[in-house]
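Worksheet: the structure to be examined is printed underneath.
The values are calculated or read from the model by the stated rules, or taken from the named source; none is laboratory data. All of these numbers come straight from a predicted model, not from anything done at the bench. Cβ placement follows ideal geometry from the backbone for every residue including glycine, while neighbour counts extend to all protein chains displayed. All accessible areas refer to the heavy atoms of the entire protein, side chains included, with ligands and DNA or RNA removed. Shrake-Rupley method; radii C 1.70, N 1.55, O 1.52, S 1.80 Å.
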Amino acid sequence: MHEPTAEDQSEPRRPVVWVTGGGSGMGRASALTAASRGWRVALSGRRPDRLRAVAREVEGSGGEALTLPGDVRRIEDVTESAAAIERRWGRLDGLVLAAGANSPRRTWADQDLAELEDIVGTNLVSVARVVQLALPQLRRSAGVVVVVSSYAGWRFSPGAGVAYSASKTALASLCQSLNAQEAASGVRACHLCPGDVDTDFLAQRPEVPGVEARSVMLTADDIARAVQFVLDAPAHVRVDELVISPVSQH
Ligand SMILES: NC(=O)c1ccc[n+]([C@@H]2O[C@H](COP(=O)([O-])OP(=O)(O)OC[C@H]3O[C@@H](n4cnc5c(N)ncnc54)[C@H](OP(=O)(O)O)[C@@H]3O)[C@@H](O)[C@H]2O)c1
């Protein structure tokens, strides 16, 4: 006997997107843009206050949001987040993976190995973890995965850091394997590679950019627009890779 879910009773069937790192920066902007386009948004990240603030913004504009506090490095948290989305909406159509980490100590001369493991664990292994646990839901809807990688994952960027560059570069391969192996289910992945974006993330640079440098960077909204373009693509369209950089970046 089929138990009615919240989804059965809601109409019309609005798509659902799960955004990791949804409490700030590009994740937040992508969630707000998706919500403004009628998507229901699940927001995950470690800071519940940041998630709730974004949820309030979504709800204030008439949208629906679900906050999922948790750490993408913890399988229990990711499992519970996927289950909570299933309980609440019974579907998942999009996944935006914006959670990421770096460190000011990023060269062979000064890096810390524990930190290196943490960066790779967050940027690469945790992306694989979230995708793996969301795949059963994504297959049912022929969903879209947007992996927020980096310009450093597309072209070697000397200042980006050993762990950061290696982890982001590997995301290209992760997206390619998803696209090769999940084509039959209709699941599509995009390796999204932003250049410099004015967000809190810049605080992790050895030299934190000032107001003038930030003024010529991309904004989180620039990236959100690109994310939405990928989410909105018709089911037979796959955007394999997108590189977006500020004109000022060499
Ligand atoms: N800003 C740039 O110039 C730039 C350029 C290219 C690519 N990127 C990438 O863009 C993505 C988004 O970064 P952003 O620039 O928008 O900066 P941001 O605002 O600092 O976003 C990073 C997000 O990741 C979340 N996060 C980090 N570790 C996590 C963990 N273990 N579990 C769950 N969530 C975690 C953070 O939330 P909590 O701390 O609350 O967990 C935060 O919301 C990152 O993957 C970054 O590598 C940034």
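A count restricted to region 21-48 and to residues that are under 14 Å from residue 200 (Cβ atoms) and outside any loop (DSSP other than H, G, I, E, B) stands at 6.
Of the residues examined, residue 63 is one that is free of Cβ contacts under 8 Å to residues at least 40 places away in the same chain, open to solvent by less than 60 Å² (accessible area, probe 1.4 Å) and either within 13 Å of the ligand (Cβ to nearest atom) or assigned to a loop (DSSP other than H, G, I, E, B) (or both). Out of everything in region 189-218 that is part of a loop (DSSP other than H, G, I, E, B) and in contact (Cβ under 8 Å) with a residue 60 or more places away in the chain, what residue ends up being most open to solvent (accessible area, probe 1.4 Å)? Looking at residues that are part of a loop (DSSP other than H, G, I, E, B) and in contact (Cβ under 8 Å) with a residue 60 or more places away in the chain, I get 206.
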